Amino acid sequence: MKLNRMKKRIFGFSSVFLFLITTNLIGVSQVDDQVLDWEPLQKQFVPKKITREELNLKSTSHYVLENFSIHSQFEKDPILLEQVYGNQKLLTLGYQLQKIESRFNQIYKQAGFKNVTTTPKQKIIIRVDAPYVYSPLLYYDPKVKLKNTALTIPPSEIQGKWNNEMWFAPKWDFPIVDRFVFDRIIDTAACPDSIYHEYTHLITGKYLGNNAIGRSLAEGISDYYAASMIDYPELYSHKTCEGVKRQLLVSSFRLDREIGFYDSITESDFKKNFTFIPSILWKYRSLVGKELADLTIFQAITKTNVGDRFFPEFTNTLSNSLYLESKKQLGEAKAKELVNQVETEIWIPRGIFSSFGYQKSVFSIFPRKNLRQTNADSKTFEFCQNQNEFEFFWQDVNVNDPTLRFYWKCNQVKLPLMIQFDQTDSRNYLISSNLLSLNGKMKFASPNACNPKVKRIGIDEKLYSRARLNIQLRTKNATKRY
């Protein structure tokens, strides 16, 4: 009896063991291949089953795609496919890279480019788990609280070979406390919005130049296209990246919130304001529509010179692209109407304008030719025996070079002077009800005007030391409203 009971128990345990092993083997052989993909109704990325044919793999053994080669850290060879299958992060990375690449190829065709692709002939190296994307000891910027966890290496070509790479990091390590709340901030390789952002840097790097990556214009454009891909104005939240659920320090931002006014600090130190440029581009998209916005912004990128700023260079180029493209699609009258609507509803209310909004600026009411103006005020009359005068060179002052050059004549002395208008707030250039004058710093135009040569004595030196002018340029249309 005891022997039979022992046999039954052994048989039972063996059956359970064999069942568990078989189930596990079946589970391994039937691992689902899933990626994170956008669900429009839920407004978030959700797991989605895909077939292996949808990955468009170009190798039977390694993770190689049409234009991408995906590696682990600094490994020479791409990741083995046996490590990719069933891995949601790796599958999402390749799937979404091809998706954003396809979108830009579509925009290329709409722009009318021939025989042009968005990527170089050589495959772009993608590195996951890159150890040096962020380390508090190796990469530190006191102005940024949360450091980069993804990085695009600027594209460059050396002897026909590209070194273009994109790195994605899995965590933010702090010495000593890396086992606590900071252990894993975010894994950007699994975040589609970060993938879209970094891929767009390949485009901006190609046209705006290597040094553009990391600047406010390129960063803003990358955020814009990331949001446009999902047709949703919120980025870097738990809806666009599951990893955000597991940390406390990354804050999302919405592109559809009011953003205030443009300030040159936005571009000189964009870290103080990450949202202005992508948000104003999102407002532009909301007015002209997704397709027209994506296309014209891309056209503006390709026509923008290296080193150009958002305002006024990029803004002007974008308005020109909008006019030309909408003229082809809608006709000239509708194109002018649309461009004017963008000016009055988007650019001007936020302190910027383009060449189409030139008539709304103070520069439009400057004289079209140089002007001589007499000035016999009491101060200058003290040391000018004759009536003095100013000779203004109005043709030289404009939004790109807001410096007024002029001569001040007193007796036989002719001093070259200039006024550098305040550029910190572009609203100073717009005609509004409270614009009574333009103010700026007056300087001598000659290189050493503050230190006159020794042979300059008498009245010349006296004029250099005593001349203090406060020039106000009153506009005839100062009370004009728009």
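The values are calculated or read from the model by the stated rules, or taken from the named source; none is laboratory data. None of the values given here were measured: they were computed from a predicted structure. When we count neighbours, we look across all protein chains shown, and the Cβ atoms used for this are built from the backbone with ideal geometry, even at glycine. Ligands, DNA and RNA are stripped out before the accessible areas are found, and what is left, the full protein with its side chains, is counted by its heavy atoms. Shrake-Rupley method; radii C 1.70, N 1.55, O 1.52, S 1.80 Å.
Return the residue satisfying two criteria in turn: it lies in region 204-239 and is in contact with a Phe, Trp or Tyr (Cβ under 6 Å, 6 or more places away or on another chain), hydrophobic (A, V, I, L, M, F, W, C) and touching a residue at least 60 places away in the same chain (Cβ under 8 Å), and of such residues it is farthest from Pro40 (Cα to Cα). For region 204-239, the residue satisfying everything is Leu217.
When only residues in region 399-410 that are touching a strand residue (DSSP E or B) at 6+ places or on another chain (Cβ under 9 Å) and more than 29 Å from Glu382 (Cβ to Cβ) count, which is surrounded by the fewest Cβ atoms within 10 Å (Cβ to Cβ)? Among those that are touching a strand residue (DSSP E or B) at 6+ places or on another chain (Cβ under 9 Å) and more than 29 Å from Glu382 (Cβ to Cβ), it is Pro402.
Among residues of region 171-219 being part of a loop (DSSP other than H, G, I, E, B) and at pLDDT 65 or above, the one that is most open to solvent (accessible area, probe 1.4 Å) is Arg215. Within region 321-339, if we keep just the residues that are among the hydrophobic types (A, V, I, L, M, F, W, C) and more than 17 Å from Trp282 (Cα to Cα), the residue that is surrounded by the fewest Cβ atoms within 10 Å (Cβ to Cβ) turns out to be Ala333. For Tyr323, the conditions (1) assigned to a helix (DSSP H, G or I); (2) at pLDDT below 95 all hold with the exception of (2).
Number of residues in region 340-354 that are aromatic (Phe, Trp, Tyr) and either in the same structural domain as Tyr262 (by the TED database) or open to solvent by 60 Å² or more (accessible area, probe 1.4 Å) (or both): the value is 0. Could you go through region 416-430 and let me know if any residue there is over 32 Å from the mean Cα position of the chain (by Cα), in contact (Cβ under 8 Å) with a residue 12 or more places away in the chain and open to solvent by 50 Å² or more (accessible area, probe 1.4 Å). No: region 416-430 contains no residue that is over 32 Å from the mean Cα position of the chain (by Cα), in contact (Cβ under 8 Å) with a residue 12 or more places away in the chain and open to solvent by 50 Å² or more (accessible area, probe 1.4 Å). A single member of Ile352, Ile348 is in a helix (DSSP H, G or I) and under 29 Å from Asp223 (Cα atoms), and it is Ile348. For region 396-405, state whether one or more residues are of a type outside the set (A, V, I, L, M), farther than 28 Å from Gly260 by Cα and part of a helix (DSSP H, G or I). Checking region 396-405: at least one residue is of a type outside the set (A, V, I, L, M), farther than 28 Å from Gly260 by Cα and part of a helix (DSSP H, G or I).
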